[in-house]
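Q: Quick one: the structure is below, questions incoming.
The values are calculated or read from the model by the stated rules, or taken from the named source; none is laboratory data. Since we're looking at a predicted model, the values are computed, not measured. Please note: Cβ atoms are built from the backbone with ideal geometry, for glycine as well, and neighbour counts cover all protein chains shown. Quick note on the areas: whole protein, heavy atoms, side chains included, nothing else; ligands and nucleic acids left out. Shrake-Rupley method; radii C 1.70, N 1.55, O 1.52, S 1.80 Å.
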Amino acid sequence: MKNLILIAAPGAGKGTLSNDLTDKYNYAHISTGDLLREAASKGDELGNMIHEMQTKGELVPDEIVASALKNRLQEEDCNNGYILDGYPRTVKQAETYEEILKELNKDLGVVIVLDIEKEQLIKRITGRRLCHGCDAIYNIYDPKLTPKHEGICDKCGGELYQRSDDNLESLESRYNTYLEKTQPLIDYYSKKNCLYRVDSSLGKEHTLEQVEDLLNKLGDNVD
Ligand code: ADP
């Protein structure tokens, strides 16, 4: 399967789409946000710095993210195709990523942009709840995504929690960073002819369908 890069504003549904794709197909899911949260949870000096930056919605320094990513890409499950969720976030990171790909002899694959209006992001971010046990994603404002029992995961019974950066203040900062630093990637990858756009405003099933159609058209035959 082709490697996928997902580009979208915070809350657009990169994580949900990644979970849906990995549930159905044999992709590895690499979220740099998750890799960094894992590093932050160590509670050492570096971890505390990462936690503070993530809570404020600031980008973590490039070298730290690149090194975590490079390690993760060398794990065996990445050989079948992987979904990159949250990286690259700047043109500089895109350039670094190409160097990493060259070193590891891997392909860039397909870049997918999830389109959504800013107004929808507020509910998606402030209503988002995640499972400690299996990383499932819920939303208390979306009837289709509300857990059956408050605070408990439908899939594994794990406890649900809210991310420390899922609040309005941090969303504003993350959204502005997206506009300023990440959106230029759309032009960058368009010029390389590997960019495709998907509407992610109509819910997760609709988003997944569009991506499956796209991958089938590109010859990945994910059905
Ligand atoms: P979202 O896309 O909803 O903002 P993520 O889990 O992808 O959530 O990222 C959360 C935070 O992790 C970001 O606000 C940033 O602090 C950090 N982060 C994730 N990916 C990167 C990256 N590629 N470069 C720098 N910082 C990153």
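Q: If we count every other residue with Cβ under 13 angstrom of Gln210's Cβ, Lys/Arg +1 and Asp/Glu -1, where does the sum land?
A: -4
Q: Still on this structure: Quick one: dipole size for the chain, taken about the Cα centre, charges +1 on Lys/Arg Cβ and -1 on Asp/Glu Cβ, in debye to the nearest 20.
A: 240
Q: Accessible area of the chain with a 1.4 Å probe: how many percent of it is carbon plus sulfur?
A: Roughly 47 percent of what the probe reaches on the chain is carbon or sulfur.
Q: A follow-up question, please. Local charge sum around Thr32 (other residues, Cβ-Cβ under 10 Å, Lys/Arg +1, Asp/Glu -1)?
A: Here the charged neighbours net out to +1.
Q: Can you give the three extents of the C-alpha atoms in segment 91-167 along their principal axes, from longest to shortest, in whole Å?
A: 47, 30, 22
Q: Would you list Thr126, Thr207 from the most to the least accessible area, probe 1.4 Å?
A: The most accessible residue leads, giving Thr126, Thr207.
Q: Same structure again: Given charges of +1 on the Cβ of Lys and Arg and -1 on the Cβ of Asp and Glu, with all other atoms neutral, how large is the dipole of segment 159-222 about its Cα centre, in debye to the nearest 20?
A: Roughly 400 debye, rounded to the nearest 20.
Q: Using helices alone, what [θ] at 222 nm do you get for the chain, with -39,500 (n - 2.57) per DSSP H run of 4 or more residues, divided over all residues and rounded to the nearest 500?
A: Result for the chain: -13500 deg cm²/dmol, rounded to the nearest 500.
Q: Might you tell me the accessible area per residue for segment 1-107, computed with a 1.4 Å probe and given in Å²?
A: 47
Q: In addition: What pairs in Lys2/Lys191; Lys2/Lys42; Lys42/Lys92 have C-alpha atoms more than 31 Å from each other?
A: Over 31 Å apart, Cα to Cα: Lys2/Lys42.
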